[in-house]
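Following: one structure in C-alpha cells, then a few remarks.
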Amino acid sequence: MLRKIHILLVISLCNCAAFSQNADSVTFVNTKWNKARIAKKVRLMTHHFSTKNLFNDNQNISYVEIKNTGNYPAFDIANEVKELKTTSAFGKQHNAILALNGTFFDVKNGGSVDFVKVNGTIEALNRTEKNKIRARHQKAAIVINRGKLALKKWDGTDNWESNLTDESILVTGPLLSLERVEERLDSSAFNTDRHPRTAIGIKPDGKIILLTVDGRNANSAGMSLAELTKTMKWLGCSSSINLDGGGSTTLWVQGFPDNGIINYPTDNKLWDHSGERKVANVIILTKKP
C-alpha cells in the first residue's frame, strides 16, 4: 500500500512539473511584446512579466531580432586587451547600432579570460585554472565572418580555437543548444542558480537573437541556464549560447532613451538603467562590415 502511495506521489509531482512547464511556454508564446524598430532588419522586443507568471516569478526580458542577410547589418567584436569599458562606451566608440556585453573577463586587472580574435588578430588566450582544465565558458564560441555570425562547439582538442580559420572569434559559454540539440548542463550553482543572463541565439531562417534577462531584483528574478535554454527555444532558436551575465548583462541601442541602455543592469543594485559594469569586450552591430 505504501509503495502504491509513493508511486502516486511521484506521478503527481511529475504531472505538476509538466503542467508548470507547459503553462510557462503558453505564457511566453502568447506574450504581447513591446516592439520598436531600431534600424532596417533590426527590431527590439521587451516585456516585463510582472505578475510572477514566468517560472513562478517576475522576469524582465529584452531582445533584438536581426535579419543577418546581405552586407547590412554586420556583426563585429570590440575588445580591449587590458582596459575595461561599459558596453555603452564600446558601442559609442565604434558608432554601432547596438552593443551586447561579451565574454568573461578579469575584473581586477582587465582583459578577457577567454580566447578572443578580432579581424584576424588574436587579442586574448584562454586562461585556465591551475589544473589546466577548461572552464565551462571555454567550450564554445561565437564566430564572425564578413559580418555574419555563427556558433561553434569545442571539439575536445587543446588548440581548438587557435586552429579555427574564422575572421573573428569570441570563446564563451556554456553552449545551450546546437542545431536543435540541447546541451547537457552540469548541476553547478553557476548553471542552476538564477542570475541576470545574456544570450545569443540563431533561428532556422538565419535570424539572430540577442537577449538579456534582468535579475537580482524583486522586479526580475533572473534565470537558471535551464530556464534560459527554454526561453531561447520558445523564441524559435535552434542554436543558442550563454555569455557573461550577472552585473555584466547589458543591452545598448544607439539613440534610445536612458543613454541607450535598454535593460536594468545590476551593478548599482537599483532598478534603473544606470548600473552598467565595465567589461572587456562586446558584440556590436554596425552598418557595414
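Bear in mind that the values in this text are calculations on the coordinates, not laboratory data. Everything numeric here is computed off the predicted structure, so don't read it as measured data. Glycine also receives a Cβ, built like all others from the backbone with ideal geometry; neighbour counts cover every protein chain displayed.
The gain in end-to-end length when the residue 218 to residue 234 segment is fully stretched comes to 3.4 nm, 0.36 nm per residue minus the alpha carbon separation. Selection among 45, 201, 58 by position relative to the dipole of the chain gives 45 as farthest towards the positive end (Cβ unit charges, Cα centre).
If a spin label sat at a point 7 angstrom from the Cα of residue 119 along the line to its beta carbon, no backbone N atom of the stretch 247-285 would be nearer than 12 Å. Dipole size of the chain about its Cα centre, with +1 on Lys/Arg Cβ and -1 on Asp/Glu Cβ: approximately 540 debye, rounded to the nearest 20.
This ranking places 160, 154 by how few other beta-carbon atoms lie within 10 Å of each, fewest first, which gives 154, 160.
Compared with the direct C-alpha span, the chain from residue 146 to residue 94 gains 17.0 nm at full extension, assuming 0.36 nm per residue. Ordering 162, 22, 176 by Cα displacement along the dipole of the chain toward the positive end leaves 22 in first place; charges were set at the Cβ atoms of Lys, Arg (+1) and Asp, Glu (-1). Per-residue ellipticity at 222 nm computed for the chain from its helices equals -5500 deg cm²/dmol, with DSSP H segments shorter than 4 residues left out and the rest contributing -39,500 (n - 2.57). Ordered by the count of other Cβ atoms within 10 Å of each Cβ, fewest first, 253, 107, 181, 143 give 181, 107, 143, 253.
Between the helical axis of 2-29 and the longest alpha-carbon principal axis of the chain there is an angle of about 40 degrees. Where does helix 225-234 land angle-wise versus the long Cα axis of the chain, in degrees 0 to 90, nearest 10? Tilt of helix 225-234: around 80 degrees. Taking a ≥ b ≥ c as the square roots of the Cα gyration tensor eigenvalues, the stretch 32-76 comes out prolate, since a/c reaches at least 1.5 and a/b is larger than b/c. Under unit Cβ charges (Lys, Arg +1; Asp, Glu -1), what dipole magnitude, rounded to 20 debye, does the stretch 65-163 have relative to its Cα centre? Dipole magnitude for the stretch 65-163 comes out near 160 debye. Taking a straight line from the alpha carbon of residue 148, these lysines sit under 20 Å away, with near neighbours fewer than eight places off in the same chain left out: 40, 41, 67, 117, 203, 207, 287, 288. Note on the stretch 109-250: percent of Cα-Cα distances in each 5 Å bin, starting at 0 and stopping at the bin with the largest distance, equals 2, 10, 19, 22, 22, 15, 8, 2, 0. Residue 269: which aspartates and glutamates have alpha carbons under 14 Å from its alpha carbon, excluding same-chain residues fewer than 8 sequence positions away? Qualifying aspartates and glutamates at Cα under 14 Å: 214.
Within the same chain, aspartates and glutamates fewer than 8 places from residue 278 are excluded, and of the rest, those with a Cα less than 14 Å from its Cα are 80, 83, 106, 244, 267.
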